[in-house]
Amino acid sequence: MKKHGIFGFDKQKKSHGSRFDASPFNPETHYAVIRSSICTGEKVAGFKDKRDGHFTEVMLIRTPKDEQEFKERYNVDSLRTEY
């Protein structure tokens, strides 16, 4: 018997994998970017599509170590910063 949630949809188990499970990065069609809020200073690393400018958020950057981890994981040498 299937268990249903409050709205009648099947409950699905959430994956608790790494925050790097999905790799949307293709250097031919994307470039690495850090989006930085001018109001809060929050930084988010991700990839921007060269054709349409769509930004795919990958991880929150809290420390320089997080930025380095992002660069190593996706084999990125440099990151643009956009505000």
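Details
- Descending by average beta-carbon neighbour count within 10 Å, the peptides 61-67, 32-38 line up as 32-38, 61-67, the highest first.
- Gain upon complete extension [K71, Y31; 0.36 nm per residue less C-alpha separation]: 13.2 nm
- Shape summary: region 20-83 maps onto an equivalent ellipsoid whose semi-axes, from the alpha-carbon gyration tensor, are 18, 15, 10 Å in decreasing order.
Coordinate-derived values only; no laboratory data. This is a predicted model, so every value here is computed, not measured. All Cβ positions, even for glycine, are placed from backbone atoms using ideal geometry, and neighbour counts span all protein chains on display.
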